[in-house]
Amino acid sequence: MYGPIITQKTKNIIEKERKYLSYTTRVPYYPLVVDYAKGCIIKDIEGNEFIDFLSSAAVINTGHNHPRIVNAIKKQIDKFIHYTPAYMYHKPHTDLAEKLTEITPGNFDKRVAFGLSGSSSVDGAIKAARCFTKRPKIVSFLRSYHGTTMGAISVSGYNIGMKKNLGPMMPDVHFIPYPDSYRGQYNNEDLISGYIGSFKELLTTILPPEEIAAVIYEPIQGDAGVIVPPIEYCKELNRICKEHGILLIADEIQTGFGRTGRMFASEHFDIEPDILVFGKAVASGMPLSGIVAKKEIFESWNAPAHFFNTAGNPISCVSAIETIDIIKEEGLMENAVQRGKYIQDRFRALMDKFDCIGDVRGKGLLIGVDIVKDPITKERDINKTAKICWRCWEKGLILAFFSGSVLRVAPPLTLNQGEAERAMDIIEESIYETEQGMVSDEVLKEIKGW
């Protein structure tokens, strides 16, 4: 059999999951049951080994089971597991809050609020913005993804499937197009003026700016396919918001903690958001998220406006403190830039060999590769994308895709050059074999993607 060994041991677990778990918890990719992970390598329960180019959806930036993270967690477990910070104090909670105010963009007084997931912290950012401005309306972007709690899903513009039959959504949310230089509605000459014009038109025809609490945006639009906006657009958006007293909420859940080669992606665009939302990679896999905002914004609301009993758990907090220190002390941002450049250069070289690669984009180790049927029409090739990823899995590489046809390259920031080269060799082989018709249509019944 071609590919990894799959026995009844794996099939039993998958069948059990299908029996007991809600379908809302899974986007189907591969029959892979994780058993062990270290650095950039994952082993399944069959003993198959894979290079991880997904890092648990950009959560494991420091690599799987980094020894410093493991030791910090073990030390805290020996002290105490949890006591709610709503009623008592604990040092990891306070120390992490201090560290976050230091590393987030903006030279102003800040405060921190913790949550359990990126989604919950998006909800908190919306609440805080409305509470501070006394305004009801929120502006978000088409193709954005901010999470799945009711507030987060309401401001998400990813696709209709994630909102189907869940309405009514949170009211007073309005959407504008995100600046997309590859598939957008404006050519490069009109890109910035066209997309800024869409926002200005909203303000002059439908939405009085004095009623808008905030604009929420991703500095790099992640699940839409790693869309990187022009820096001039971001600056003009920021200027307009400041002119009208509209808060700018940066969703750094996917882009934060070194992923793009900076601690936060907002730094690439010289933006100091009023509110910054983080999650995913903050604690190297432990459940934690949060919001950093200007002091005056967080002084406008009171407990329990945004309270979760286990948020700010001390085990998660010590893991987050160690995560931040590892990223800085072990040069993971610099490594993300170097390995990211190598990967993007390899993909761009492959564009001369494979017409199906329409575009390569990203920053650091957040990279999107657009797979198309035709490089001129840019029509998405969803089936080919799925087959490429499946063949990669068969060859020992975990590679996912989102936005239907965009390869999602997001390995741990600890990726070394040898792992990067081997992974790119596998991708090149997989594209070639898919192009040659060597991957059966039958795999499309298994791998659905996002």
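The values are calculated or read from the model by the stated rules, or taken from the named source; none is laboratory data. The structure presented is a predicted model; accordingly, all values stated were derived computationally and were not measured. Glycine also receives a Cβ, built like all others from the backbone with ideal geometry; neighbour counts cover every protein chain displayed.
Sub-9 Å Cβ pairs linking a first residue in segment 424-435 that is in contact (Cβ under 8 Å) with a residue 40 or more places away in the chain to a second residue that is among the basic types (K, R) and buried (at least 23 other Cβ atoms within 10 Å of the Cβ), at least 6 apart or interchain, are I426/R391; S430/K387; S430/R391; I431/R391; E433/K387; E433/R391; T434/K387; T434/R391, ordered by first then second residue.
Evaluate the following for K378: is it surrounded by 21 or more Cβ atoms within 10 Å (Cβ to Cβ) and modelled with pLDDT of 95 or more?
Details: surrounded by 21 or more Cβ atoms within 10 Å (Cβ to Cβ): no; modelled with pLDDT of 95 or more: yes.
Answer is no for this residue.
Within segment 171-193, residues that are of a type in the set (S, T, N, Q) reach partners that are part of a loop (DSSP other than H, G, I, E, B) with beta carbons closer than 7 Å, at six or more positions or on different chains, in the pairs Q185/P177; N188/S181. For first residues located in segment 29-41 and assigned by TED's automatic domain parsing to the domain that holds V59 and aromatic (F, W, Y), partners that are surrounded by fewer than 16 Cβ atoms within 10 Å (Cβ to Cβ) and not in a strand (DSSP E or B) and lie 6+ apart or on another chain with Cβ distances below 8 Å form the pairs Y29/K448; Y30/E446. Scanning segment 383-400 for residues that are surrounded by 24 or more Cβ atoms within 10 Å (Cβ to Cβ) and over 12 Å from Y30 (Cβ atoms) yields T385, K387, I388. Going by what's in this entry, would E299 be described as more than 12 Å from I69 (Cβ to Cβ) and in contact with a Gly (Cβ under 7 Å, 6 or more places away or on another chain)? Judged against the criteria, E299 is not a match. The residue of segment 113-148 that is modelled with the lowest pLDDT, among those that are more than 28 Å from Y233 (Cα to Cα) and of a type in the set (A, V, I, L, M), is L116. The residue list Y178, Y182 contains one member that is over 21 Å from F307 (Cβ atoms) and either in contact with a Ser or Thr (Cβ under 9 Å, 6 or more places away or on another chain) or crowded, with 20+ Cβ neighbours inside 10 Å (or both), which is Y178. Highlighted here are the strands (runs of 3 or more DSSP E) found entirely within segment 30-111 that include at least 3 residues which are surrounded by 15 or more Cβ atoms within 10 Å (Cβ to Cβ): 41-44, 49-52. Could you grab me the full set of residues in segment 24-47 that are basic (K, R) and either touching a strand residue (DSSP E or B) at 6+ places or on another chain (Cβ under 9 Å) or modelled with pLDDT of 95 or more (or both)? Residues satisfying the conditions are K38, K43.
Among the criteria (1) within 26 Å of V139 (Cβ to Cβ); (2) in contact with a helix residue (DSSP H, G or I) (Cβ under 7 Å, 6 or more places away or on another chain); (3) not hydroxyl-bearing (S, T, Y), the one E267 does not fulfil is (2).
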